[in-house]
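A.B. asks: Okay, here's the structure, questions in a sec.
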Amino acid sequence: MTFGKGSHLHLIDGSAFIFRAYHALPPLTRKSDGLPVGAVSGFCNMLYKYIEDASGHDAPTHAAVIFDHSGKTFRNDLYPAYKANRPPAPEDLVPQFPLTREATRAFNVACIEIQGFEADDVIGTLAHQARDAGGRVTIISSDKDLMQLVGDGVEMLDPMKNKRIDREGVEEKFGVGPERVVDVQALAGDSVDNVPGAPGIGLKTAALLINEFGDLDSLLARAEEIKQPKRRETLIDKAEQIRISRELVKLVCDMELDFTLDSLEVQEPDADRLLDFLSKMEFRTIVKRVSDKFGVAPPAIPEAPSTASAPDAPATPESKPFDTAAYEKVSTMGALERWIDAIYARGYVAVDTETTGLDEMVADLVGVSLCVEPGVACYIPVGHTVGEDDLFGGSNLVDGQLAKNMVLDALKPVLEDPSILKIGQNMKYDAKIFARNGIKVAPCDDTMLMSYALHAGINGHGMDTLSERYLNHTPIPTKELLGSGKSAITFDKVEMTKAVAYAAEDADVTLRLWQMFKPQLHAERVTTVYETLERPLSPVLARMEMAGVLVDRDVLSRMSNAFAQKMAGLEDEIHQLAGENFNVGSPKQLGEILFDKMSLPGGKKGKTGAYATGADILEDLAAEGHELPARVLDWRQLSKLKSTYTDALQTFINAETGRVHTSYLQTGAVTGRLSSSDPNLQNIPVRSEEGRRIREAFIAPKGRKLISLDYSQIELRILAHVANIDSLKQAFRDGLDIHAMTASEMFGVPIEGMDPMVRRQAKAINFGVIYGISGFGLARNLRIPRAEAQGFIDRYFERFPGIKQYMDDTVEFAKDHKYVQTLFGRKIHTPEIGAKGPQAGFAKRQAINAPIQGSAADIIRRAMIRMPEAIKDLPATMLLQVHDELIFEVDEDACDAVIEVVKDVMESAAAPAVHLDVPIEVDAGIGDTWAEAH
DNA sequence: GGTCTCACG
DNA sequence: GACGTACGTGAGACCG
């Protein structure tokens, strides 16, 4: 049927509808795997109702659903900030976008989206075409931006309120007719779409002006005539901005389309196809209705939810059992090719590497295992050896192995193929091994990181833990293969059958975990956390670790010697003071000397029956004038510096690179912080003068410098933001000394000439607040009576009632949900929050602290993820992260340029996901050593 | 292997 | 009214 007089076109604004359905309906997930489908369900119900009504008296002859195409439109070129402040779509809505397209096609309705244009433009164009052809148009939407199209046979229908909007409706809303809607919108602007408009002029004023002057062009031309001075000025000054705004809100109604109105003719849906889609979505009610309508039997939908939707459920009996005997040992190129074909057929593969050691900067590759579906896994040995290595560093390879370079050459295209997803458990390790063999593995999913996004605070994220908890399967323990202690062997010496079983099983476990976790990310609303904070960080950390930091061995060893001498002297003194020789390093012996032999006061035994001899206790004794504990404190400081730093650090200098390569554990802290180990470079001394000198051993090579940039007071700034404390926020904006400001608020003293002691107390309170303050803790920290400390806290909460409110709200939230969240959606589970007894206080403080510490951690993560791209053309390498500090190695002459870029990335890292109400500030330092740069 | 102590943010 | 307590880590030494 040709579109013309008597035809009736329905244009459904699909994107707007999805958003409304999403927000109006309770979150609904597909039972079998937790896929969010609430908006799809609402969308399908609407389409169904639509079809049912299609036989009614006002039935459409033609229809289409129009969606926004993702990506930029011409409006972004016109005005880059257009829709820039739109938050990203909720993560559980994102996967529903393609599903609604699928639904539209299943209903056999035309589904339209056009790149570079918004749905509104397509609707405008089609409406004009239909009107010009003499037909009628109903736009099914409530978007006010479409109201400019109303009139001459074009009407709107609000699908939620079932209300028709005609000419009068538009006039009611805008105060002008449809043809002047654009003018009014251009003046009023739109904060949702970030259309600037004329500042200070809203809908009412805009309509008034347009009605007075006729249209926008006349208004702008005769702006001088406006009586109100401010209004007049705005319209003259902002004329250009207003014109741009008009271009932004004005719909394109003359797009070139590659289809005709005739092709939109309404057609009966195909029952099979429609039911197939609906049952796949597991929409039981609508499946039944559609089946009834078409007079066919409803397709079966599995009733029992699968394990995927229940995190704690053990693997069901029908899931494939583990069978280590079924794994294949790959020892011919033909077999390897078959595996590679299988990977391409799948599009993804679980990968695991076996190596000669745990230090991925030293370890050699021994074998690779692959898995493409549960139970179907293989191991490709390439470096199994027998006997001792020969004198030339070569070794005796076991027979029946492919050559390492041939295997790597064959795997490289797969591992680097952007269309093949590589799945690993702690993929950073394997990626580094491959990187040292010239292979850049990407793209990757990591089950350890998925578990971290899902389960932080509930369980650990190691493979054994995850397998036992989520697959109900205990993998072959490493100990069984390698032994432990002195008799431990390396993987290249493991007997082949056992190696195949162990290695392939790891890949099998990894794949099964991935299949389970992937849909859970959506169901638990942590897809964004995983995709934006976890997955992209892993390769950044890998690069930092491989870069390593240069450490001067001579500096360390000289310091070690100096410490040893001093310690020996102190030890003599201590023994003399004690009147006998004993092991100063033994807290037990020290306690007995202090409290039994010398009968000093304050001897308190802990739960093990030993006296406590911590620094705080020794300090108290020293303050009373006792020599021995004072000397022990000195000795302990040196002992710590020597053993943990100057001695141990030397052993971590890599023979090949001369650098120290730490290992960052992305899942180490529940809050989202990193942890560092082997060695831990996040606790290099700085607080004591003597300890700080250890940082002189961290150096830059000749011609380069170290630069250090750290966030200033980031946790307090976050607290000011999340608790929404105006005075604190203002203090940060004014660049005040925040501790002095707190003291001033609390004690009513001026900031100028403040007693340092008063400021110190305020500082302790500020920190206490972040930690979930208690009178006891503050009293101990400040060494003041508990009642006094409690008085401070009470006064603090009186002055900042918003903070108390925030803390109470956070604890309440934790009790309701059994988790707390950072500003960026990271979940930290708090299963202990309902506990009774002393546990309760602990859990409360954790719940209060976690969102603050975690949000700060998220911010620096975001900065780190963006950093490689930001500095890619600069001679700079990111080396270290210490929670709120980043350290780079930079060419001497580029320091200032690098600092400028890095600072900007760090300070703007929260945006655009979160707009902070406080400025974020970063301090920078340059030096030849870390000591200087900090 | 558990406990204590102490280095950092 | 008593319980216990600042938040988050990693590592080395001692000791059974």
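Every number here is computed from the coordinates shown, using simple stated rules; none is lab data. This is a predicted model, so every value here is computed, not measured. Note that we place each Cβ from the backbone using ideal geometry, even for glycine, and neighbour counts take in every protein chain shown.
A.B. asks: Shape call for chain A from the C-alpha gyration tensor, a ≥ b ≥ c root eigenvalues: rounded (a/c under 1.5), prolate (a/b greater than b/c) or oblate? Show your work: numbers first, answer last.
C.D. replies: Details: a/c = 2.16, a/b = 1.42, b/c = 1.52.
Oblate shape, in that a/c is at least 1.5 and b/c is the bigger or equal ratio.
A.B. asks: Segment A:635-649 to segment A:587-627: how many Å between their Cα centroids?
C.D. replies: That distance is 22 Å.
A.B. asks: Roughly how many nanometres apart are two label points built 7 Å out from the Cα toward the Cβ at A:Ala325 and A:Lys72?
C.D. replies: Distance between the two pseudo-spin positions: 6.2 nm.
A.B. asks: Right, something else. Specify the inter-centroid distance of segment A:152-173 and segment A:28-54, based on alpha-carbon positions, in whole Å.
C.D. replies: 25 Å
A.B. asks: Over chain A, what is the mean sequence separation of C-alpha contacts under 8 Å (at least six apart), divided by residue count, expressed as relative contact order in percent? Let's see the in-between values first.
C.D. replies: Details: 1528 pairs, mean separation 88.3, N = 934.
Taking the mean separation of contacting Cα pairs over the length of chain A, I get 9 percent.
A.B. asks: With r defined as the distance between the Cβ atoms of A:Ala648 and A:Glu388 and R0 fixed at 30 Å, what FRET efficiency is calculated, to the nearest 0.05? Working shown, then result.
C.D. replies: On the way: r = 29 Å, r/R0 = 0.96.
Efficiency for this residue pair is about 0.55.
A.B. asks: For segment A:767-782, in order, what is each residue's ³J(HN,Hα) by Karplus, 6.51 cos²θ - 1.76 cosθ + 1.60 with θ = phi - 60°, in whole Hz (x at glycine and Pro)?
C.D. replies: 5, x, 4, 4, 8, x, 4, 9, x, 4, x, 5, 4, 5, 5, 8
A.B. asks: Explain nothing, just compute: Karplus ³J(HN,Hα) = 6.51 cos²θ - 1.76 cosθ + 1.60, θ = phi - 60°, for every residue of segment A:366-379 in order, whole Hz, x for Gly and Pro.
C.D. replies: 10, x, 10, 10, 10, 8, 10, 7, x, x, 9, 9, 9, 10
A.B. asks: In segment A:579-650, how many lysine pairs have Cα atoms under 27 Å apart, counting only pairs 8 or more places apart or on different chains?
C.D. replies: Count of close lysine pairs: 12.
A.B. asks: Using the Cα centre of chain A as origin and beta-carbon charges of +1 (Lys, Arg) and -1 (Asp, Glu), tell me which of A:Ala720, A:His62, A:Leu594 is placed farthest towards the positive end of the dipole.
C.D. replies: Looking along the dipole axis, the top candidate is A:Leu594.
A.B. asks: Taking H as built 1.01 Å from N, whose amide H comes closer than 5 Å to the amide H of A:Val37, not counting residues under 5 places away?
C.D. replies: A:Leu28, A:Thr29, A:Arg30
A.B. asks: At what distance in nm do the modelled label points of A:Asp258 and A:Ala488 sit from each other, each positioned 7 Å from its Cα along Cα→Cβ?
C.D. replies: Label-label distance for A:Asp258 and A:Ala488, simple model: 6.1 nm.
A.B. asks: Starting from the Cα of A:Glu832, move 7 Å in the Cα-to-Cβ direction to define the label point; list residues of segment A:445-474 whose amide nitrogen is under 18 Å from there.
C.D. replies: Once the point is set 7 Å along Cα→Cβ of A:Glu832, A:455-461 turn out to lie under 18 Å by backbone N, inside segment A:445-474.
A.B. asks: Something else about it: Reported to two decimal places, what Rg/Rh ratio describes segment A:44-132 when computed on Cα atoms with Rh from the Kirkwood expression?
C.D. replies: Rg/Rh: 1.03.
A.B. asks: Now, a different point. Trypsin sites (Lys or Arg not before Pro) within segment A:738-777: which are DSSP loop residues with at most 11 other Cβ atoms inside 10 Å?
C.D. replies: Numbers: sites: A:Arg759, A:Arg760, A:Lys763; in loops: none.
For trypsin sites (Lys or Arg not before Pro) across segment A:738-777 that sit outside H, G, I, E and B with at most 11 neighbouring Cβ atoms in 10 Å, the list is empty.
A.B. asks: Testing the spin-label approximation: label points 7 Å from Cα along Cα→Cβ at A:Lys815 and A:Glu495. State their distance in nm.
C.D. replies: My value for the distance between the label points is 5.9 nm.
A.B. asks: Here's a follow-up. Based on the Cβ-Cβ distance from A:Asp678 to A:Lys479, what FRET efficiency comes out when R0 is 35 Å, to the nearest 0.05? It would help to have the intermediate numbers written out before the result.
C.D. replies: Working: r = 20 Å, r/R0 = 0.56.
Efficiency, rounded to the nearest 0.05: 0.95.
A.B. asks: Taking H placed 1.01 Å from N in the peptide plane, check which residues at least 5 places from A:Glu113 or on another chain put their amide H under 5 Å from its amide H.
C.D. replies: Long-range HN contacts for A:Glu113: A:Phe67.
A.B. asks: I've got another one for you. Report the gain in length on full extension from A:Asp417 to A:Asp808: 0.36 nm times residue separation, minus Cα-Cα distance, nm rounded to one decimal. Display every interim value, and only then the final one.
C.D. replies: Details: separation 391, 0.36 × 391 = 140.76 nm, distance 5.01 nm.
That works out to 135.8 nm of additional length.
A.B. asks: While we're looking at this one, here's another question. Can you tell me the order of A:212-219, A:193-200, A:481-488 when each peptide is scored by its average per-residue count of other Cβ atoms within 10 angstrom, highest first? Mind showing how you got there, number by number?
C.D. replies: Values: A:212-219: 16.1, A:193-200: 18.5, A:481-488: 10.6.
Ranking, from highest mean packing down: A:193-200, A:212-219, A:481-488.
A.B. asks: Non-local amide H neighbours of A:Asp359 (under 5 Å, H modeled in plane, Pro and chain starts lacking H): which ones?
C.D. replies: Amide H neighbours of A:Asp359, under 5 Å, 5+ apart: none.
A.B. asks: Give, as a single signed number, the net charge of other residues whose beta carbon lies under 12 Å from the beta carbon of A:Asn724, with Lys and Arg counted +1 and Asp and Glu -1. It would help to have the intermediate numbers written out before the result.
C.D. replies: On the way: positive: A:Lys729; negative: A:Asp726, A:Asp809, A:Asp917.
It works out to a net charge of -2.
A.B. asks: Can you compute the label reach from A:Arg167? Point 7 Å from Cα along the Cβ direction, backbone N cut-off under 18 Å, restricted to segment A:133-157.
C.D. replies: Hits in segment A:133-157 for A:Arg167 at 18 Å: A:134-139, A:147-157.
A.B. asks: Stretched out fully, how many nm does the piece from A:Gln267 to A:Ala435 gain, at 0.36 nm a residue minus the Cα gap?
C.D. replies: On the way: separation 168, 0.36 × 168 = 60.48 nm, distance 5.58 nm.
Additional length available on full extension: 54.9 nm.
A.B. asks: How large is ³J(HN,Hα) for each residue in segment A:619-628, as worked out from phi by the Karplus curve 6.51 cos²θ - 1.76 cosθ + 1.60 (θ = phi - 60°), to whole Hz, x for Gly and Pro?
C.D. replies: The phi angles translate into 5, 4, 5, 4, 5, 7, x, 7, 6, 4 Hz.
A.B. asks: Continuing with this model, one more query. Which parts of segment A:638-656 would a label at A:Asn583 reach, counting a residue when its backbone N lies under 19 Å from a point 7 Å out along Cα-to-Cβ?
C.D. replies: It comes to A:638-644, nothing else.
A.B. asks: Let me ask another. For an R0 of 25 angstrom, estimate the FRET efficiency from the Cβ-Cβ distance between A:Asp152 and A:Arg231 and round to the nearest 0.05. Show your work: numbers first, answer last.
C.D. replies: Values: r = 33 Å, r/R0 = 1.33.
The computed FRET efficiency comes out at 0.15.
A.B. asks: What is the helix-to-structure angle for A:537-547, meaning the angle in degrees between its Cα long axis and the longest Cα principal axis of chain A, kept from 0 to 90 and rounded to the nearest 10?
C.D. replies: 40 degrees
A.B. asks: Restricting to Cα pairs below 8 Å that are 6+ residues apart, what does the relative contact order work out to for segment A:65-154? Please round to a whole percent. Provide the component values of the computation, followed by the final result.
C.D. replies: On the way: 68 pairs, mean separation 32.5, N = 90.
36 percent.
A.B. asks: Select from segment A:190-291 those trypsin sites (Lys or Arg not before Pro) which occupy a DSSP coil region and have at most 10 other Cβ atoms within 10 Å, ordered by residue number.
C.D. replies: Details: sites: A:Lys204, A:Arg222, A:Lys227, A:Lys230, A:Arg231, A:Arg232, A:Lys238, A:Arg243, A:Arg246, A:Lys250, A:Arg273, A:Lys280, A:Arg284, A:Lys288, A:Arg289; in loops: A:Arg222, A:Lys227, A:Lys238, A:Lys250.
Hits after loop and neighbour filter: A:Lys227.
A.B. asks: Does anyone have the angle between helix A:38-53 and the longest principal axis of chain A? Alpha-carbon axes, 0 to 90°, nearest 10?
C.D. replies: With rounding to tens, the tilt is 10 degrees.
A.B. asks: Give the separation of the Cα centroids, segment A:760-835 to segment A:571-586, in Å.
C.D. replies: Using only Cα atoms to place each centre, the spacing works out to 42 Å.
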